[in-house]
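Q: Encoded as structure tokens, here's the structure I'll be asking about.
What follows is calculated from the coordinates using simple rules that are stated; it is not laboratory data. All of these numbers come straight from a predicted model, not from anything done at the bench. Glycine also receives a Cβ, built like all others from the backbone with ideal geometry; neighbour counts cover every protein chain displayed.
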């Protein structure tokens, strides 16, 4: 949770109501303790913040002499962090602006003890040195980090969202966000690369899939994919990185199988499967393959189960030869159960047959595994895949009744023969036909 009081602690703000040219009072967010509003009468009103900058923030305050509670909701699209402005809407619809008082930090610095000033300068120097000296493969790298002492830098990092073999994704407040820009973003930095140039190329490739293809049309299916906002992979950046929209919801694996997993009805499961099918038809439109389609690379909102697919690190064009995975032993291959048979047998390369005749086969197999996981669970899915590998009947008893898709389609999706796998369009059509 990205708390406003944590991001802006140690600041003062001038409060101006819509239609007024004079300040109503001030808001003070101290380093520690409760925030307060200072009215024109100099009375101090305690206020509290609820919610997260990545979602909704509400400020509440109590006026003692009227015995009334008031509240206002942050309006992210009207905020301009670059200019130091927060915009709120109260219950009457009035816009209330908070304008950051830069003089506050200057005045404090002037009256602070010399020992305190010396300590702050040392902290600033240490921060700059650590940022400059960290290698790009360091998973703790925080490019262009905001320093609350010097007010330099851009990103106030809050937490790590994910970590893969070749990258780390961090949640950050964009302290230079302008009106209409997202206040909270995701920043992806590379890790595990032997070459800095290779890292730059891989990240730029990811950005281009989003910027030049997936989010270059007015097709509503683009909303099913993570949107990349900025490319900072050039040589002017010591650490290459890309900026992305923050996905709505939580990692799909956590939503469906985590400790706080959501209990899904058949209607819920159908919605998830339908969204994945639509996403694959959209990739097919551009001749693209995701090649890493699994719940750890998807996000789901817990309320509406809206899907967002992320991580384009292994994405490529149909027909393009591309090495995928480097497992150490047979058990490692079993854990990579979303990788199709033909890629497993050749140890991280697609067979020429799959590349030439069935370019969609890789993602369809992964989709088939996702479907089985969702309907039957991980253990049962792995047993089914083991039986398919041995040539035994895949389903036992009434197991097929728990599937969203028709059992014949579901089996074809994970077939050992890539030519038997249905196209994304065929899968989508079978779903819509059964409604």
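Q: How do 5-17, 38-50 rank on mean C-beta neighbours within 10 Å, highest first?
A: Values: 5-17: 18.3, 38-50: 13.7.
Ranked from most to least packed, the peptides come out as 5-17, 38-50.
Q: Which of rounded, prolate or oblate describes segment 4-106 when judged by the alpha-carbon gyration tensor and an a/c cut-off of 1.5?
A: Numbers: a/c = 1.18, a/b = 1.10, b/c = 1.08.
Taking the square roots of the gyration eigenvalues as a ≥ b ≥ c, segment 4-106 is rounded.
Q: Round to the nearest 0.05 the FRET efficiency obtained for residue 390 and residue 423 when R0 = 35 Å and r is the Cβ-Cβ distance.
A: Working: r = 27 Å, r/R0 = 0.78.
My answer for the efficiency is 0.80.
Q: Answer rounded, prolate or oblate for segment 129-245, using the Cα gyration tensor with square roots of eigenvalues a ≥ b ≥ c: rounded when a/c is under 1.5, else prolate when a/b is larger than b/c, else oblate. If you can, show how the numbers build up before the last one.
A: Values: a/c = 1.93, a/b = 1.22, b/c = 1.58.
In terms of gyration-tensor shape, oblate.
Q: Now, a different point. In nm, to one decimal, how far is the residue 68 label point from the residue 23 one, both placed 7 Å along Cα→Cβ?
A: 2.4 nm
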